Amino acid sequence: MNNQINTAFLKRKEILSEATDSFRLFDGIGDGNSDFFIDVFAGHWLVSYLDKEPESVAKCELPRESLWFKKLDKNNKESARCEEGDSSNTQITIRENNVRYLVDLKIGYSQGIFLDQRDNRFEVRARSSGIRILNCFSYTCAFSVVAALGGAASTTSIDLSNSYLEWGKSNFELNGIDPNQDEHYFCRGDVFEWLRQFRKKQRKFGGIILDPPSFSRAGKQGVFSAEKDYSSLVTEAAHLIERGGWVLASCNHRGISSEKFGNELIIGMDNARRNIKTINQKPMTSDFPGDDYLKSFWIEIE
Ligand SMILES: C[S@@+](CC[C@H](N)C(=O)[O-])C[C@H]1O[C@@H](n2cnc3c(N)ncnc32)[C@H](O)[C@@H]1O
């Protein structure tokens, strides 16, 4: 295992820089061991494992301030356990492409940022200048923060959870942006219901981000399943896109192939009678060489 971690680090060395201190150090089978994953958050290591907690985790050239273990279990979002280092130091600030995010090492679900979306965050920033951005299923608003830094005319973040939206406001503040300014909106509630409201009010956006969980329970809709409902989600969002606008659609459901997902996106746009100018799949970020579970498509609308 020691050699495997060192080899994995050597492959990722160039990601680590003044601008970026957080990345996936070890990606399960992609790095030769399907039992565990290691994420590094500004020098703090979080080891996620499937069945058995690894007995020891070797250090590599990379300095380690603390070591945390978390069991991966879909039904039980256990908080992480500190094995080494200061266990009271759970909330830290990380950097990715010079953007700062608040991370909680101990919290159960996810740590406050999905590292596998780094390349998409970079692209959202590059594509946001002067346009209104709608971030659906925003979680801690990472996409909204990069859109604001990229010069978006406004950002609108929708999430079911008020505490994630509050966390998102802290991420805005960490980057010197006042979240209470008029052009940043935080909408608590079900994405489908907000999309219908926005359509009634004829609100339009230049860029829309769709990054739902595989399953969720919410609103009048009852249950959202990425497998069954993604094309309807695209249709609802497509009504709100300005001419010449774009959509970033992601799906992390392992049961849906890239081909099927791409087709669902085309069907969703068709049902809203929107013409697609370009549709391109973006590969996963280089520190995630394991299975290609995250499918991301960039769609430009005529
Ligand atoms: C996969 S995370 C999104 C990650 C986020 N796009 C990012 O890059 O950081 C899913 C988020 O969707 C929210 N959510 C789930 N179902 C929802 C719904 N029906 N309407 C609004 N938000 C929902 C959850 O609270 C959670 O924050």
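The values are calculated or read from the model by the stated rules, or taken from the named source; none is laboratory data. Only a predicted model underlies this, so the values are computations on that prediction, with no experimental measurement involved. For neighbour counting, all protein chains shown are included, and Cβ atoms are generated from backbone atoms with ideal geometry for every residue, glycine included.
Annotations for the structure displayed:
- Any chance V145 is in contact with a helix residue (DSSP H, G or I) (Cβ under 9 Å, 6 or more places away or on another chain) and either within 15 Å of the ligand (Cβ to nearest atom) or more than 20 Å from M284 (Cα to Cα) (or both): yes
- Of all residues in segment 21-29, one or more are of a type in the set (F, W, Y) and under 20 Å from the mean Cα position of the chain (by Cα).
- Condition check for E259: more than 15 Å from the ligand (Cβ to nearest atom), assigned by TED's automatic domain parsing to the domain that holds A152 and exposed (fewer than 14 other Cβ atoms within 10 Å of the Cβ): yes
- Residues of segment 219-241 classified as within 12 Å of the ligand (Cβ to nearest atom) and assigned to a loop (DSSP other than H, G, I, E, B), total: 3
- Hits in segment 7-51 (condition: modelled with pLDDT under 95, assigned to a strand (DSSP E or B) and touching a helix residue (DSSP H, G or I) at 6+ places or on another chain (Cβ under 8 Å)): F36
- Test: residue in segment 251-272 that is part of a helix (DSSP H, G or I), in contact with a Gly (Cβ under 7 Å, 6 or more places away or on another chain) and not β-branched (V, I, T): no
- Scanning segment 1-26 for residues that are surrounded by 15 or more Cβ atoms within 10 Å (Cβ to Cβ), closer than 20 Å to R95 by Cα and not basic (K, R) yields a count of 9.
- Filtered by the rule that a residue be surrounded by 18 or more Cβ atoms within 10 Å (Cβ to Cβ) and within 24 Å of S225 (Cβ to Cβ), segment 273-287 gives R274, M284.
- Qualifying residues in segment 87-99 (those that are in contact (Cβ under 8 Å) with a residue 60 or more places away in the chain and surrounded by fewer than 18 Cβ atoms within 10 Å (Cβ to Cβ)) - the one nearest to F69 (Cα to Cα): T93
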